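To keep things clear, I will list the structure first and then write my remarks on it.
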Amino acid sequence: MNFWDVVRRQPLSNSDLNLLSLSLTQLFLHGLLFLDAIQLIYFQRMKDPLSLSYQTIIMLWMITNQAGLWLTTCLSLLYCSKIICFSHTILLCLASWISRKVPQMLLGAMLFSSICTLLCLGDFFSKSGFAFTTMLFMNNTELNLQIAKLNSYHSFIFCTLESIPPFLLFLVSSGVLTVSLGRHTRIMTAKTKDSRDPSLEAHSKVLRSLVSFLCLYVVSFCAALISVPFLMLWHNKIRVMICVGILAACPSIHAAILSQAMPS
């Protein structure tokens, strides 16, 4: 639906540009999860150390997921600037700046994600190189396997920590929208004895889409977190595949919700 809007409407609005970037990120995320499932089913033996190709897919998934989080945070900030009526001068200037700087915000989000990509990949391959060198000089198979597991855990934690800044920004902007919605509802009810209002309805739809993303992001993060011991410790392929299915379902559900909740 977003691609169809791109064909119909030119030039793109800030909201359309943000949604297009988010759509492309989610498509790439689905492609990585599809490769992850194929690698897991046909090539990766559960009791063997994770292959380099499988670890690379996991790393790219974590980086793409982080980029999607940044884009959703930019979308949340954009909605704050378009929907909320600020009374403070500084907040008015900030909302006006956000509305005018959406392309720069998206470029900044991609730049930050690229920096995180380089850091994650540098950390990952340096650890992999160290583990490979260690394995050359040590014949203890069990110890080598533990070293490989430790490196994978370290890379997962490292990429997870880099998702904290956009997640906090998303929580702050969503919290501001929640407070604004409550205040708007009280004002409309006091004035008209009826809380139904077009702007209020748009406000509610946007907030529902952001809350749904928050819930889906938490579910996908928990699925990713749970899949680590299933993959590394208990070697349970079926449960790992269930986690991969949940990870694939969450962005699809979010895309369907977004298509119904976009303000004009």
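A few notes on this one:
- Solvent-accessible surface (1.4 Å probe) assigned to T117 amounts to roughly 30 Å².
- Spatial separation of Cα centroids for the stretch 28-48 and the stretch 70-84, in angstrom: 34
- Label-point separation in nm, R186 to I41, each point 7 Å along Cα→Cβ: 5.4
- Segment L171-L52, extension gain: residue separation times 0.36 nm, minus the distance between their alpha carbons: 39.3 nm
- Amide N proximity, the stretch 43-76 versus I238 label position 7 Å along Cα-to-Cβ, cut-off under 13 Å: none
- In plain terms, the chain from K205 to A256 could stretch by 17.1 nm, reckoned as 0.36 nm per residue minus the Cα-Cα distance.
The values are calculated or read from the model by the stated rules, or taken from the named source; none is laboratory data. The model shown is predicted, which means the values in this text are computed figures rather than measured ones. Cβ coordinates were reconstructed from backbone atoms using ideal geometry, including for glycine residues, and neighbour counts include every protein chain displayed. These accessible areas exclude ligands, DNA and RNA; they are computed on the full protein's heavy atoms, side chains included. Shrake-Rupley method; radii C 1.70, N 1.55, O 1.52, S 1.80 Å.
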